[in-house]
Every structure is written in structure tokens, then in C-alpha cells.
Amino acid sequence: MKMIIRSLLVLVLMLGCATTWVGAQGLPVNIESLSDEQLIQLATKYNLMGLSESELEAKAKEAGLGSDQILMLKKRIALLDPSVAGGQLAYSNKTDSYVLRNKVLTKGPTIRSKDSSGVLQVFGAEIFDNLDLSFEPNLSIATPSQYIIGVNDQLVIDVYGVSDVTKKLKVTTEGDIRFPNLGPIKVAGLSVDDARAKIKKALTRIYPGIATGAVAVQVSVGQIRSIQITLLGEVRRPGTYTISALATLMNALYASGGPNDIGSFRTIELLRGGKVVTSFDLYDFLLKGDLSKNRLLQDDDVIRVGTYNRRVALKGALKKPAIFDMKAGETAADLVQYAGGFADLAFKERVRVTRLGSSGREVLTVPSSGLSTFQLQSGDTLVVDSLPALYANRVWVSGAVYHSGAYGLAQTQDLKTLLQLAGLREDAYQERGLLRRLKTDLTPSMVSFSVQEVLKGSFNLNLQREDSIHIFRATDLRERYTVEIDGEVNQPGRYDYFENMRVQDLVLLANGYREGAARQKIEISRRLSAGGDTISYAVIKDISLDNPQDLLFELKPFDMVSVRRLPVYKEQIKVSIEGEVLYPGTYTLSGKNERLSDIINRAGGLKSSAFAEGAVLIRNTYVGVTSSDASLVGSKARLINQQSGRNIVPVDGGDSTILKNLSAQQKPVSIRLADALGQKGSAADVFLEEGDIIKIPKSIQTIQTFGMVNLPKQIVYRDGLSFKEAVRASGGFAVNAARRHSYVVYANGEIRTTRNFLFFRSYPSLKTGSEIYVPSRSDKKKLTTGEAVAVVSGLTSFLGLLVVLINTAR
């Protein structure tokens, strides 16, 4: 068997390589798609031996076979031939003949026929498709006493007592065994018990102690012979099989793959000597576990599977819907029993039957009481419906009750009883409840009632099936009451309003004041009615929490509280300096009038390697922006997007995200550090602001060209180096260079553009660290043929009009 596995592995390796060469994808053969016959034929065709299994596996992996494919191959071989555990498989020269010694041939999965819906399977077919079942004869048990000894069986004769002799003798083709010093003993055709008695009697001639009991004799079957049987009719794989003499009818049937699409599961005949020995019904085994007719097979036995007599489908609310084979005289009640009975949700009053009539399909309705007498026909389809989803006695209650859900109508016949059982919550809205009711045509209707009157007993309603009652919460029927606080508190925002809430309570909910809060300047705005339906906000109160009277000021729903900042309160202002100073880092400004030169001096001054002309100031563009500023920006951005129909200004995330994004935006500011240090207090010595970053680079000696030059590069700067010389050093202008739009960016961020006047062009001067940018010319759109014709026509018309005007003037 290992040789066969090796052969098949090499074969699959070759096929996998072929697939790789042809498809250029390296895809191996799909082992699962090969049939049993293909595996056997390919193993016979390719006699590939000599390699170990591990070597073959390694080469198979190199060819692209994964571990799953190799495992599937081994599993298929094991299922195709159980001789992996000791037997041996061969494929005889005789057509359709399978030889199996010691064990019964098993097979791979088979797809069974299904009904027109594509769902139901023939009942019993699954045992022949189940890879976990083998139905192999057990060779480890004692030989059955009814086993008939035949040619090639090996008998083990053990003589013990005064004499001690053990002999293993094979039954010859003449049907006898030959014990030393004793003539032939004919045992073929005898049962094990009869053969034991005959051998014991024959041995008394050379072992007299047997008669007196001094010597005992034990006879058993050592090796079981193989027998040939034939499977005919409607089986998956008919043919001649060589199997173990301990095999039964069920073993052989499983080896053949079981009944085919039209094969009967109810009438399987065993023929011996041309006569029917027994008729096996698979349903006896499947439904009752009865194997009394599962006879041991003998040499030259024939198993015949005929076509089914009646086949009926049973679907719907059953425990095991399937297609069933039915014998004559069996009724619909038997069929339901075969399916395990009705499911719990089955509508058991009647069963619908679809029948193939002589001129078309027919539908019959069979009451459950008539199933035991209803005779089935082949092709019938029985359908068991499920119970409808509607409840016969259910009412619902939901909302402001303690025990919402479904209730039985018998216990809650009226509205008051239902509300008392459900338990009304304290926050229930007493003025009105709603009852949803289905009319006779299942269209919904609505009935309103006063909850208060129902509980008092002055009003009540009798309930009906599927009535649904909803009790509202009083808080659900009004807008959520909130108050809002902003400004100098730790957690500004919107909070739920509570009755008798005061300003100090709201401040506590907001986690208290911030350090710079002005407790004497708290502003409250309130929603006021201006008459009619008009609602407006008005500032109605400025309070001081240092005033005991103001502490008692009571808030109303939707009040807005603003806590102002102390005018004299200032937080520390920090700036950073990086690069070529003695002490780079973060510094806190000593006042609002501290300048660039001041912070450079505090940082120890410039290093000798500092490049002052390249110093840059990075500043937060929107430093100090507030939430109201962000809200204004967001509103304008949304208006721009709405008017343009596009997302020109992203506003995703709301005003808080806009505030965060605005605060994080930084822009470079061009400065002249050398002038600021040389002329302190001058315009070049700028004032510093929160978050400023001063970057001072090391001295550099090069300039850089970018854009439409033939070779953008760095160039060593020298005094007097001009723009044109730098471009020439970079290979000159490219063909599509826009020379008139060239510009220079200096190390401190300043920009100088090319000046153009008529045919004269003046390029910017260069300094150390300059960057030259030469943009490309924009491609002018060529006129299409239609546009050219239109232009020519227009010019022609204009010239014609001009000629007419000139002639008229004369």
C-alpha cells in the first residue's frame, strides 16, 4: 500500500508540474476532484517505485502541492483501500473486478440525488456518503461458530496436556487438511463447531489421551480466506469483488457505493446457488438497528439491487424531511414515522399532497386522522406546514410600565386588568394612552384612552387578540430640558436641567472654575417669549457669586451661563528656539513686549556657526482662537460648500475639530535676524507671540536650483554669482521653462520674482542658501476644427462688416 501511495504522489507531482507548465500558474492537481477509478487506473498506469514516502512528499511540496492536498491524497487512498492497516489492493484483469483481501473496499463521497427543490436527500443515502463510516468486518474477534470453512482457510490446531503440539494447516483445494502421521481430514463446507468435532475425533487415533481427557484439542481459524461475490443491478459500482470471508451483505453493499439514483433501499436480495437466500431491507437497519438479515457471505454469492417501487418526498415541518422508498401497503402515517414524526412547530391538522396525475399535477388535502389509510403513489410530495406566526390569545403592553411584554388574553380580558398586572410607573403620562388593534382584515386601527380614567374605573375596554397598548413617559412628550455653561470652567458644555438648579450647582457639574475665572462676572441668558410663537434669547442677569443673593439665583430650562475671564489674568506665554544658539529650548516670555533680540540674548546669543540670514520664525496662524471663532469659521465654511455644491472647505468633525485644526496651523514668517540683533527695537526686531518657534540653521555655502532646468543641483555660492550663471551651471533652461515666472526663495523665507518690462527681464539677485525655482510653461489648448472654423467665420464676418462701414463713410 505504501508503494501505491508513493506512486500516486509521484503521479500527482507530475500532473502538478504539467499544470504549472501549461497554465504558468503553478496550480497542483485537485486531489478531491479525482474519482476512485481514476486513482486506481493512474496507479496501475504509472508504476513509479523506489522513492521513500518522505522524499515524495518533499518533491510534491516543491511542485506546489500543499500539505492539505497531500493529506487529502492519503485520506482518499485510505478510504479507497483499507489495506493501509494490513490488507492489500489489486485491480484484476477481469473487467469491473475489485479484489480486496482482509477488508472490504470502501469509497469516497458520492453526491446523491435530490428533489426538484434541490434540498431533499434520499433517506439512507447518507450512510454511503459518510467518510466516518466503514462497515468493515471485524477480524479481531473469535470466528463465528456458524462460519463455514472453505478452501484456503487456515486452521490452528492446538493439542495440549500430556502431549503439546500446535499445527497451522491450510485447507487444500480438495477441501481437507493434512495433519502429520494422519490421513487427510475433509473440513470444507463444515461449520467451525462441526470441523472441531471431526478433527478431535480423527486425532484420537494418534493421541489416545483425548478419549480419557488427558489430552485436549483446540481448533480455531487462523487466517480467513478470500471469497468472490458479485453485485448486480442498481448499485453505484456493480462488478465482482474479492472480499474477506467474514464480510456480510452490508459490507459488500457499502463497498459498491450503495444503491444508485434509482436503486431500491428496501429490497436487496442475496442469491446463493441461483436462489434467493434472504431479502435485506435497509430501513430495518436505519430505523430499528435490525441486522438479523445481514447474512455472512459465501463464495460466488450474488447481491442484486432492483429499482425502487415507490419513491415519495416528505418536506416541511418534520424532524427529518427526505425522499423515502415505500413498500406496497405502507401509508402516509408510516412515512411520517420514518421521518421521525412531526416537528414541534408543525401544523398537524392536515397534510398537503402534490400528486402526478395522468393529465397534470394534482393537489390533495389529507387530514391527520386519514394518514393511516391514505395510500401513496410514486412521485407524491407531502408537505407539512408550520403553525402560523399569529398568536391566538396574545396582547402586548409597552412603555411606562414595570412589566412590559406579552400577556395571555384569558388573564387580561380588559384594559384595566392589564395595566394593573403590568404595573404603571410613576413617570407615566396619565392623560392619554394608545391601543393599537387589528381589524378583521388585519389593517391596524388606533384607540386612545385616558390612563387616569381607566385606573379610576370610569372607563374600560375589553381586549382582543393581538391588541398592543403603549403608555407614554411624561418626559418623552416634551423637549429634553438642559442648561449650558461656557467660558472659564473645567468642563464647559450642555447638562441636564433639574428643578431648583442654581448657578453654583451647574458650576459644580462643570467640575468647577478655571484659575482665571471672574466669579464677579457671570452672565446668564434665558429663552424668552416675545409674544405669539416667537422665542428669543435675551441677557437677563449679570451676577456675582461673591454676593449671597446671587447665589440663590435659580436657573430655568435652556439657560446659558457664561463665566468670564479676569481682565488681568494672563497665562504663561512660551516660545521655542532651535538651532545655532548656546542654549536652545523653550522659554517663557517675561512680558507681552519681549522681542526677537531679547529671546536670542536669553538663549546665550548666536554660535559662530550660525547662519543669521537663514533664520526663520514659525508662528501659529490662529493662536488664541476661541470656540465661538471656530463656530463662525465653521458656519461660513458650510455656507461656501452649500453655495458651491462642493466640499471646498472641509468641516468634518464639527466646530471642536475646526478649533483644533485652526490652533494647529503654523506658517513661516520671514525675518531679518541680523538686522534685529543690530538694531534692537526696530521693525525687524519683531514682538514674539504664544507658540512661536525660532529656527536658526548652520552656515551654508550653496544654493539650489529646482524645476525646469536641465540638471537641478546644488551649486557652491560665491560673491557676485548671478541668476543666469546658476542656471547655466544647472545645464540651462529646459525647453518648456517659463523664464518670465522664475523666482528665488531666500534662506529666511523671503521671495523675489523676476521683473519683466517689454523685452527686458531682470532676475532676482542671489544669496547664500537661496533656492531658484523655474516653473514650466502651461500648455495652451489647441483649437479644435470646429473652434477654428468658428474663429475664421467670425473674422470673415467682422472684416465684411468693416468694409461696408468704410464704403458707407466714403
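The values are calculated or read from the model by the stated rules, or taken from the named source; none is laboratory data. Quantities reported herein were computed from a predicted structural model and do not represent experimental measurements. Here the Cβ positions follow ideal geometry from the backbone for every residue, glycine too, while neighbour counts run over all protein chains shown.
On the stretch given as region 188-199, residues that are assigned to a helix (DSSP H, G or I) and either surrounded by 16 or more Cβ atoms within 10 Å (Cβ to Cβ) or not assigned by TED's automatic domain parsing to the domain that holds residue 216 (or both) total 4.
Applying the set (1) exposed (fewer than 12 other Cβ atoms within 10 Å of the Cβ); (2) modelled with pLDDT of 90 or more; (3) among the charged types (D, E, K, R) to residue 728 leaves exactly one unmet item: (1).
If a residue has to be in contact with a strand residue (DSSP E or B) (Cβ under 8 Å, 6 or more places away or on another chain) and farther than 20 Å from residue 570 by Cβ to count, how many in region 486-525 make the cut? Qualifying residue count, region 486-525: 21. Scanning region 323-381 for residues that are among the acidic types (Asp, Glu) and touching a residue at least 12 places away in the same chain (Cβ under 8 Å) yields 325, 330, 349, 380. Can you tell me which residue in region 676-709 is modelled with the highest pLDDT, limited to those that are exposed (fewer than 15 other Cβ atoms within 10 Å of the Cβ) and closer than 30 Å to residue 774 by Cα? In this case the residue turns out to be 706.
Among the residues of region 700-743, those that are touching a strand residue (DSSP E or B) at 6+ places or on another chain (Cβ under 7 Å), farther than 24 Å from residue 756 by Cβ and in contact (Cβ under 8 Å) with a residue 60 or more places away in the chain comprise 701, 702. The number of residues in region 399-434 that are in contact with a helix residue (DSSP H, G or I) (Cβ under 7 Å, 6 or more places away or on another chain), outside any strand (DSSP E or B) and closer than 19 Å to residue 462 by Cβ comes to 4. Against the condition part of a helix (DSSP H, G or I) and at pLDDT 85 or above, how does residue 202 come out, does it pass? Answer is yes for this residue.
Look at region 346-363 and say how many of its residues are loosely packed, with under 14 Cβ neighbours inside 10 Å and aliphatic (A, V, I, L, M). Residues flagged as loosely packed, with under 14 Cβ neighbours inside 10 Å and aliphatic (A, V, I, L, M) within region 346-363 amount to 2. Looking at region 222-274, which of its residues are over 30 Å from residue 169 (Cβ atoms), part of a loop (DSSP other than H, G, I, E, B) and not polar (S, T, N, Q)? 234, 236, 237, 238, 257, 258, 261, 262, 274, listed by residue number. The residues of region 552-594 that are within 21 Å of residue 697 (Cβ to Cβ), touching a residue at least 40 places away in the same chain (Cβ under 8 Å) and not in a loop (DSSP other than H, G, I, E, B), listed by number, are 575, 576, 577, 578, 579, 581.
Condition check ((1) among the hydroxyl-bearing types (Ser, Thr, Tyr); (2) over 30 Å from residue 129 (Cβ atoms); (3) without any contact (Cβ under 8 Å) to a residue 12 or more places away in the chain) across all residues:
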position	(1), (2), (3)
168	no, yes, no
194	no, yes, yes
208	no, yes, yes
212	yes, yes, yes
249	no, no, no
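Whether any residue in region 461-471 is over 23 Å from residue 391 (Cβ atoms) and either under 43 Å from the mean Cα position of the chain (by Cα) or loosely packed, with under 14 Cβ neighbours inside 10 Å (or both) is what I want to check. No: region 461-471 contains no residue that is over 23 Å from residue 391 (Cβ atoms) and either under 43 Å from the mean Cα position of the chain (by Cα) or loosely packed, with under 14 Cβ neighbours inside 10 Å (or both). Considered as a group, the residues in region 560-617 that are under 27 Å from residue 511 (Cα atoms) and of a type in the set (Ser, Thr, Tyr) include one that is surrounded by the fewest Cβ atoms within 10 Å (Cβ to Cβ), and that residue is 569. Taking region 364-393 as the range and being surrounded by 15 or more Cβ atoms within 10 Å (Cβ to Cβ) and assigned to a strand (DSSP E or B) as the test, the residues that pass are 366, 381, 382, 383, 384.
Every residue, every condition in (1) under 18 Å from residue 327 (Cα atoms); (2) among the small types (Gly, Ala, Ser); (3) touching a helix residue (DSSP H, G or I) at 6+ places or on another chain (Cβ under 8 Å), yes or no:
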| position | (1), (2), (3) |
| --- | --- |
| 345 | no, no, no |
| 349 | no, no, yes |
| 362 | no, no, no |
| 372 | yes, yes, yes |
| 380 | yes, no, no |
| 383 | no, no, no |
| 388 | no, no, no |
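Residues that are outside any loop (DSSP other than H, G, I, E, B), closer than 30 Å to residue 280 by Cα and not acidic (Asp, Glu) do not occur anywhere in region 164-187. Each residue in region 288-330 was checked for being assigned to a strand (DSSP E or B), of a type in the set (Lys, Arg) and over 48 Å from the mean Cα position of the chain (by Cα), and 1 pass.
Determine, yes or no, whether residue 285 is in a strand (DSSP E or B), under 55 Å from the mean Cα position of the chain (by Cα) and either farther than 23 Å from residue 309 by Cβ or not assigned by TED's automatic domain parsing to the domain that holds residue 162 (or both). In short, no.
Among the strands (runs of 3 or more DSSP E) confined to region 436-536, the ones with at least 3 residues that are touching an Asp or Glu at 6+ places or on another chain (Cβ under 9 Å) and at pLDDT 90 or above are located at 482-487, 493-496.
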